[in-house]
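**Student:** I have a structure here, written as structure tokens, and I will follow up with some questions on it.
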Amino acid sequence: MINQLRKIYSSLLVYSEGHDNLDSTYKWFVTGENEIIGIDEEELTSKDVSLLATFLLPYNINLPVPTDEERKWRNAIDSAESSAKFEIKNSYRFIYFSIKKNQIDPIVFKDAIHELFAKPVPILWGNGHEGIIIEEQTVYEDSISFEEIKDILMSDLYVKINFYIGSYKESLEDIAQYYHLLINAAKKVFIYTNKTVVTYIDAVPYLLINQIEPGLRSDIGKTVLQKYINDEETLKTIETFLQCNLNISETAKVLHMHRNSLQYRLDRFFEKTGIDIRQFHHAMTVYLALLAKK
Amino acid sequence: MADLKLVNIRKVYDKDVVSVKDFSLEIRDKEFLVLVGPSGCGKSTTLRMIAGLEEISGGDLFIGGKRVNDVPPKDRDIAMVFQNYALYPHMDVYNNMAFGLKLRKFKKDEIKKRVDNAAKILGLEDLLTRKPKALSGGQRQRVALGRAIVRDAEVFLMDEPLSNLDAKLRVQMRAEIQKLHRRLQTTTVYVTHDQTEAMTMATRLVVMKDGYIQQVGAPKEVYDEPNNVFVGGFIGSPAMNFLNGRLEENYFVMDDVKILVPEGKMKYLREQGYVGKEIILGVRPEDIHDEPLFLDFSPETKIKASIEVAELMGAEIILYSKVNDQDFVARVDARFSVAAGETVDLAFDLNKAHFFDKESELRIK
């Protein structure tokens, strides 16, 4: 195939040596045999590029060369045909990651990620700073959490990383939908939280609030929080109380406040708004209002 | 080694949420500076701005005299240790320490030299071939420190590195980090919410609240001369007692309870016009006494206290009581046995007490 293509595109190169040799004035593709080929952009029309992409995988030269495993997953997501699906042994989940632009070499990131798991995990790159890690559900006693992974990568790679962790899936059915919904959700959830590791469970309230049209969202904030809408100190107290699972002692400790003062502040909020934040339903409403305000 | 200079540093998140407000500080070369404060005070954000993990919204940051606001984190010559002292689970200790250098394309010989040196400093020489799961919690934490040491960086940044450890190990690691700092003399910025950690480790500490610096000073200075009610209450355990009352000529008065104010303190209170006004008395638990000799010499700072709870801590007893319906805590010598339900005489050492303005909550001096 390469020879046939070379007859059409005389500039065609086959990548065989160091990664640094890849020329950015070329369009690069990966063949079915995992060879990387490049064609001078001047020799290509946009129609050519689209045509080539139907049987070759476009390749970003700044990203690691996809492994067979990664190509398999990519095919399963991108192809509507059932033949693209393959058999999976264990449940799997997608973990979205994003890093600040131009702060890291994706190849270095991939090397570090692989060292954190018992075997190399497929990474599907969206671009040079975000993508999906595919993690199989396995029971290794020395596995580590994504909170820990975030810290270890931050100290080794000097980058702040966000992780959004999807649910486990047992089959490849609806994999494309899972993939796209996860990416869409990931791009929204970090608006509502300062946490850098968020699971799909944490994200549900954020996504619900995000669905509401802006006018109603603003109205929920104002209606529920009433005169406290701009009282940052009280709102911070309430937010911490919710984060501490409505535990007065824990909240007082975190805020370094006497528990009687905290109690007084919550009582005042009840008197002025009629909302008893110590009751689950009221707490949930206030939580949604706080999110709506963000 | 390097000094750091933060000039009017600000951090504003989306929608005008200001996390750090006008933070200015010079951190001296070789100093062990601790940022301490309650959750949400801006201490971690400040550290992350120094690291370059958070963008600086306003102000200037200098490391070693060079402005680094726009320098990527990897080029700031810093090493970081975080709360989760996680290690690569499938690598041995040697490779865990070496990996960061390998990623930065250091030569093998140099990596070996640095890892061996860090292992020697931390007493990890015999553990280099062990995997993390075969290490104790303390050993793992030492490896995490080793991963920072091998960087040979100008500045260490530590963000609550001990908060995931149990109480016993925390005390042990506190000492290890201090020893390490004495040996390496690397400028260190250390973030904690734990005032004991701050007091025991810092060369200087910075107490923060709501994005503002409340006080900067040596631990003893901050403990003995707190700038305001917040600092007085935050630093020290049990916390400083705060009693509301009125200042009358020579006396601090809480309804029918009158406590004599020493002339030295009365003089500046009088000069600043506090006589006849509501003020706050701040007194540390150890400055409330039950020893007969002290009681004899302090008849006019003595009160009758009904003890609600008495906690025997070994060498001392923590007494919880009320005066004029206001809670207070005293720390007294366990030689004099006191039990809950008893009424005892206690005397306040007003020479060591502080007075705070009722409105501004600033210490009157």
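The values are calculated or read from the model by the stated rules, or taken from the named source; none is laboratory data. Not measured: the values here are computed from a predicted model. Counting neighbours? That spans all protein chains shown, and the Cβs are built from the backbone with ideal geometry, glycine included. Ligands, DNA and RNA are stripped out before the accessible areas are found, and what is left, the full protein with its side chains, is counted by its heavy atoms. Shrake-Rupley method; radii C 1.70, N 1.55, O 1.52, S 1.80 Å.
**Student:** When the accessible area of chain A is split by element with a 1.4 Å probe, what percent falls to carbon and sulfur?
**Tutor:** 49 percent
**Student:** Also, I was wondering about something else. Which whole-number percent is the relative contact order of chain B (Cα, under 8 Å, 6+ apart)?
**Tutor:** That works out to 16 percent.
**Student:** Might you report the magnitude of the Cβ-based charge dipole of the protein assembly as shown about its Cα centre, with Lys and Arg at +1 and Asp and Glu at -1, to the nearest 20 debye?
**Tutor:** 720 debye
**Student:** Moving to a separate point now. Kindly provide the chymotrypsin sites (Phe, Trp or Tyr not before Pro) of segment B:322-365 that DSSP labels as loop, not H, G, I, E or B, and whose Cβ sees at most 15 other Cβ atoms within 10 Å.
**Tutor:** Taking segment B:322-365 and a limit of 15 other Cβ atoms within 10 Å, the loop chymotrypsin sites (Phe, Trp or Tyr not before Pro) found are B:336.
**Student:** Segment A:212-293: percent of C-alpha pairs farther apart than 17 Å?
**Tutor:** 41 percent
**Student:** Further, regarding this structure: On average, how many beta carbons from a partner chain sit within 10 Å of the beta carbon of a residue in A:103-115?
**Tutor:** Counting Cβ atoms of other protein chains within 10 Å of each residue's Cβ and averaging gives 3.
**Student:** What's the average, rounded to a whole number, of partner chain beta-carbon atoms within 10 Å of each residue's beta-carbon in B:72-85?
**Tutor:** What the average comes to for B:72-85 is 4.
**Student:** To the nearest 10 degrees, how steeply does helix A:46-55 sit against the main Cα axis of chain A, on a 0 to 90 scale?
**Tutor:** Value to nearest ten degrees: 90.
**Student:** Considering all alpha-carbon pairs of chain B, what whole percent are spaced by more than 39 angstrom?
**Tutor:** Result: 31 percent of Cα pairs exceed 39 Å.
**Student:** Further, regarding this structure: If I model a spin label as a point 7 Å beyond the Cα along the Cα-Cβ vector, how far apart are those points for residue B:297 and residue A:91 in nm?
**Tutor:** It is 7.1 nm.
**Student:** Give me the angle, in degrees from 0 to 90, between the Cα long axis of helix A:146-157 and the longest principal axis of the Cα atoms of chain A, rounded to the nearest 10.
**Tutor:** 60 degrees
**Student:** Here is a follow-up. Just want the answer: with Cβ charges of +1 for Lys and Arg and -1 for Asp and Glu, which residue in A:39, B:6, A:263 is farthest toward the dipole's positive end in the protein assembly as shown?
**Tutor:** Result: A:39, furthest along the dipole toward the positive end.
**Student:** Additional query: Could you list the GluC sites (Glu not before Pro) in segment B:26-63 that lie in coil according to DSSP, counting only those with at most 14 other Cβ atoms within 10 Å of their Cβ? Provide the component values of the computation, followed by the final result.
**Tutor:** Numbers: sites: B:26, B:31, B:54, B:55; in loops: B:31, B:54, B:55.
Passing both the DSSP loop test and the Cβ count: B:55.
**Student:** Leaving ligands, DNA and RNA out of it, work out the accessible area of residue B:186 with a 1.4 Å probe and give it in Å² to the nearest 10.
**Tutor:** Per-residue accessible area (residue B:186): approximately 10 Å².
**Student:** Just the Cα atoms of the protein assembly as shown, one point each, no solvent: what log10 I(q)/I(0) does Debye give at q = 0.10, 0.12 Å⁻¹?
**Tutor:** -1.10, -1.40
**Student:** Here's something else I'd like to know. When only the heavy atoms of the protein chains count and the probe is 1.4 Å, how do A:1, B:199, B:313 rank by accessible area, highest first?
**Tutor:** Sorted by accessible area, descending: B:313, A:1, B:199.
**Student:** Could you compute how fast segment A:68-204 diffuses translationally, taking Rh as the Kirkwood radius over C-alpha pairs and applying Stokes-Einstein at 4 °C with viscosity 1.567 mPa s? Give it in µm² per second.
**Tutor:** Once the numbers are plugged in, D ends up at 84 µm²/s.
**Student:** Return the loop-located GluC sites (Glu not before Pro) in segment A:56-117 (DSSP other than H, G, I, E, B) with at most 11 other Cβ atoms within 10 Å of their own Cβ; answer none if there are none.
**Tutor:** A:81, A:87
**Student:** To make sure I understand the rule: partners must be lysines, Cα under 23 Å from the Cα of residue A:7, and not fewer than 8 residues away in the same chain. Which ones qualify?
**Tutor:** The qualifying lysines are A:27, A:47.
**Student:** For segment B:247-313, what relative contact order do you get, as a whole percent, if you take Cα pairs closer than 8 Å and at least 6 residues apart?
**Tutor:** Computed value for segment B:247-313: 32 percent relative contact order.
**Student:** Are there any residues in segment B:86-111 with a reduction of at least 40 Å² in accessible surface when going from the isolated chain to the assembly of protein chains? Probe 1.4 Å, please list them by number.
**Tutor:** By number: B:86, B:88, B:89, B:90, B:103.
**Student:** Across the residues of A:243-255, average count of Cβ atoms on other protein chains within 10 Å?
**Tutor:** Values: counts 1, 1, 0, 0, 0, 0, 0, 0, 1, 0, 3, 4, 4.
Per residue, the average neighbour count from other chains is 1.
**Student:** Same structure again: Just to confirm a number: summing +1 for Lys and Arg and -1 for Asp and Glu over residues other than residue B:306 whose beta-carbon lies under 9 angstrom from that of residue B:306, what do you get?
**Tutor:** 0
**Student:** Follow-up question, since we're still on this one. For n ≥ 4 DSSP H runs only, could you compute -39500 (n - 2.57) per run for chain B, divide by its residues and tell me the 222 nm figure to the nearest 500? Spell out each step's value before the answer.
**Tutor:** Working: 10 runs with 100 residues, N = 365.
The helix contribution divided over chain B gives -8000 deg cm²/dmol.
**Student:** Separate question: Quick one: if the Förster radius is 51 Å, what FRET efficiency do residue B:28 and residue A:263 give, using the C-beta to C-beta distance and rounding to 0.05?
**Tutor:** 0.75
**Student:** Skip the ligands, DNA and RNA, and give the accessible area per residue of the protein assembly as shown with a 1.4 Å probe, whole Å².
**Tutor:** For the protein assembly as shown, the solvent-accessible area averages 48 Å² per residue.
**Student:** Rounded to the nearest 500, what is the 222 nm mean residue ellipticity of chain A from helices alone, with -39500 (n - 2.57) per DSSP H run of 4+ residues and division by all residues?
**Tutor:** Calculated from helices alone, the mean residue ellipticity at 222 nm is -14500 deg cm²/dmol.
**Student:** Now, a different point. Chain pair B, A: how much accessible area is buried, both chains summed, with a 1.4 Å probe, in Å² to 100?
**Tutor:** Values: alone 17700 and 17090 Å², together 31850 Å².
It comes to approximately 2900 Å² buried between B and A.
**Student:** Take the alpha carbon atoms of segment B:47-84, find their center, do the same for segment A:227-294, and report the distance between the two centers in whole angstrom.
**Tutor:** The distance from the Cα centre of segment B:47-84 to that of segment A:227-294 comes to 34 Å.
**Student:** Report which residues of segment B:33-54 become buried by 20 Å² or more of accessible surface when going from the isolated chain to the complete set of protein chains (1.4 Å probe; DNA, RNA and ligands ignored).
**Tutor:** For segment B:33-54, once contacts with the other chains are taken into account, B:38, B:39, B:48, B:53, B:54 lose 20 Å² or more.
**Student:** Just need the relative contact order of chain A here, percent rounded to a whole number, with Cα pairs under 8 Å and 6+ apart.
**Tutor:** 13 percent
**Student:** Tally up the carbon and sulfur contribution to the accessible surface of segment B:138-196 as a whole percent, 1.4 Å probe, everything protein left in place.
**Tutor:** After summing per-atom areas, the C and S share lands at 43 percent.
**Student:** Then there is this: Could you check the simple spin-label distance between residue A:69 and residue B:175, using points 7 Å along Cα→Cβ, in nm with one decimal?
**Tutor:** 4.5 nm
**Student:** 7 Å from Cα along Cα→Cβ at both residue A:10 and residue A:111: what's the point-to-point distance in nm?
**Tutor:** 4.0 nm
**Student:** Please arrange A:257, A:284 by accessible surface area, largest first, computed with a 1.4 Å probe and ligands excluded.
**Tutor:** A:284, A:257
**Student:** Counting only chymotrypsin sites (Phe, Trp or Tyr not before Pro) that sit in a DSSP loop (anything but H, G, I, E, B) with at most 14 other Cβ atoms within 10 Å, what is the longest stretch of chain A containing none of them? Can you show the working numbers first?
**Tutor:** On the way: sites that count: A:86, A:140, A:168.
Looking at chain A, A:169-294 is the longest stretch - no exposed chymotrypsin sites (Phe, Trp or Tyr not before Pro) with at most 14 other Cβ atoms within 10 Å.
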